Amino acid sequence: MRLLLVLSAVTLLLRATGLAQSARPPVDLIITHAHVVTMNDRRTIIEDGAVIISDSRIVAVGPAAITALYTAQKTIDAHGAIVLPGMINTHTHASMTVFRGLGDDVPDRLRKLIFPLEKALIDRELVYWGALHGFIEMVEGGVTTAVDMYYFEDEVARAAKKVGIRGVLGESILNFPTPDAPEPYGGLAYAKKFATEYRNDPLITPALAPHAPYSLDADHLRLVAQASAKLDLPVLMHVAEMTDEVATLRKERNQTPVEYLDSLGLLNRRLVAAHCIFVTDSDIALLKTRDVGIAHNMVANIKSAKGVAPALKMYDEGLRVGLGTDGPMSGNTLDVIGQLGYVAKVHKLDRKDRNVMPAINVVDMATRGGARSLHREADLGSIEPGKLADLIILDHESTAFVPLFDVYSTLVYAAGPKDVRTTIIHGRVVMQDRRMLTIDTAEVRAHLRDIARRIQAKVAAGLK
């Protein structure tokens, strides 16, 4: 109230003295008359608020009256719509949109279908167009940062730049020849080159992506750890996702996957560990001690019937837990909003306690939690001055948002990805009023349909 009175006085002063427009500092974008859900430490909500953006950063957040202090090249009147920090998808394989819908509901799909499909079909073109399609879906669903691991990750980066999404992008490393590396472990050299090319890019953070503890040997995992430390690169990895992964390491080394990675020097603040379904209490303590980021992929995990990761315990104990979709052959959709209700409800069911995992905590995981999992909370995850301008506007006139008693409950239990109206990344309006401004979505869909026909023919011929 006190701030509002002060700002109202400033507005009146500006009007009374007839100060020239040039007396007010110019900014690039003003969002006004918004229901601003800041996700700051105090969980401040401003019902008639404004966000002031200059270049790629937020410079001010407050009541709508603060707009009188600035002049802007562009103003978006939200008319009461909800403004929220952009969602962070902490684990995905965006290019696999080209395979979405193939082989659902079949056993051992990774080895029997996914790896053979990739060997037979993946090339630069498929990766690029699949990534474009995936990133469009993410932007349309309110995702502003994607953490991706796949092949030809430089093509994924090219697609991310085209769409305008922020990406932490990891080049895959495996112990067998891959589409972009004819020799086993060739992905490591590819990843180093990729990292050099994108070292100082404002949108792209290059990363190393050793596939899993079971798909690289110990010596090469140590090399990945050394490269990560030397080049200061994030490491993206599937961890404790498979029952045979856990059983083999217990039999051969008497270690859990988490203990094994720790012994190799990989368990540290640069690691983003995806899934972590089969982690023990001592693993959780070790993950916290080593300050590891966790990517919780609820929908993909339950679809594969692997189990419910103890993400609730990890979150409650202060670990860096964000939400991920996994790839579009695993969770099938790439928006994070669609994950929210599952995260809340399945953990309640798992604990037999309707009070656990309240909606505000789930929204926290999707925004601040994702930023924390990447050790990017100084820049991302909330709407605060000084942070990067990654935010979304949701339609308060949507049926799901009427009535609006509790914004967090509505987001988790009622909202959907199509409620996102506008997506802003790095201060740039990438989608406005459901229209992508950076790319021709019809062209991308047409390419995907052509690619799908080629894939279908190849599958029908037995992948030969």
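The values are calculated or read from the model by the stated rules, or taken from the named source; none is laboratory data. Values in this document were obtained by computation on a predicted structure and should not be read as measured data. Cβ atoms come from the backbone with ideal geometry, glycine included; neighbour counts cover every protein chain shown.
Let's see how each residue does on (1) over 29 Å from V429 (Cβ atoms); (2) surrounded by 19 or more Cβ atoms within 10 Å (Cβ to Cβ):
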| position | (1), (2) |
| --- | --- |
| T144 | no, yes |
| E153 | no, yes |
| K162 | no, no |
| E171 | yes, yes |
| L174 | yes, yes |
| P182 | yes, no |
| Y185 | yes, yes |
| L208 | yes, yes |
| Y214 | yes, no |
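Scan the range 98-117 for residues that are over 20 Å from N301 (Cβ atoms) and modelled with pLDDT of 85 or more and the total you get is 1. Criterion applied to A157, A189 was being free of Cβ contacts under 8 Å to residues at least 12 places away in the same chain, assigned to a helix (DSSP H, G or I) and under 19 Å from R124 (Cα atoms), and the one residue passing it is A189. In a residue-by-residue description of the range 421-439, the property of being exposed (fewer than 15 other Cβ atoms within 10 Å of the Cβ), out of contact with any strand residue (DSSP E or B) (no Cβ under 7 Å at 6 or more places or on another chain) and under 30 Å from H33 (Cα atoms) applies to at least one position.
Picking from residues in the range 182-196 that are of a type in the set (A, V, I, L, M) and within 15 Å of H220 (Cα to Cα), the one that is nearest to the chain's Cα centre (by Cα) is A191. Scanning the range 34-56 for residues that are farther than 19 Å from D364 by Cβ and surrounded by fewer than 17 Cβ atoms within 10 Å (Cβ to Cβ) yields E47, D48, D55.
Each row is one residue, and each column tells you yes or no for (1) farther than 30 Å from R454 by Cβ; (2) touching a Lys or Arg at 6+ places or on another chain (Cβ under 7 Å); (3) surrounded by 14 or more Cβ atoms within 10 Å (Cβ to Cβ); (4) touching a residue at least 24 places away in the same chain (Cβ under 8 Å).
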| site | (1), (2), (3), (4) |
| --- | --- |
| Y70 | yes, yes, yes, yes |
| T75 | yes, no, yes, yes |
| H79 | yes, no, no, yes |
| V83 | yes, no, yes, yes |
| G86 | yes, no, yes, yes |
| A94 | no, no, yes, yes |
| F99 | no, no, yes, yes |
| D104 | no, no, no, yes |
| D108 | no, no, no, no |
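Keeping to the range 218-239, report how many residues are within 26 Å of I277 (Cα to Cα) and loosely packed, with under 15 Cβ neighbours inside 10 Å. Matching residues across the range 218-239 total 2. Whether any residue in the range 395-411 is surrounded by 12 or more Cβ atoms within 10 Å (Cβ to Cβ), within 18 Å of the chain's Cα centre (by Cα) and within 28 Å of A78 (Cβ to Cβ) is what I want to check. Yes; the residues of the range 395-411 include at least one that is surrounded by 12 or more Cβ atoms within 10 Å (Cβ to Cβ), within 18 Å of the chain's Cα centre (by Cα) and within 28 Å of A78 (Cβ to Cβ).
Taken over the range 326-341, the criterion of being crowded, with 22+ Cβ neighbours inside 10 Å and either farther than 20 Å from P85 by Cβ or touching an Asp or Glu at 6+ places or on another chain (Cβ under 7 Å) (or both) is satisfied by D326, G327, P328, M329, S330, G331, L334, D335. Restricting the range 342-386 to residues that are farther than 20 Å from K313 by Cα and among the aliphatic types (A, V, I, L, M), the residue that is surrounded by the most Cβ atoms within 10 Å (Cβ to Cβ) is I383.
Evaluation of T248 against the conditions (1) at pLDDT below 95; (2) polar (S, T, N, Q); (3) closer than 20 Å to A309 by Cα shows that the sole unmet condition is (1).
Considering the range 433-453, the residues that are free of Cβ contacts under 8 Å to residues at least 12 places away in the same chain and outside any loop (DSSP other than H, G, I, E, B) include one that is farthest from I88 (Cα to Cα), namely R453.
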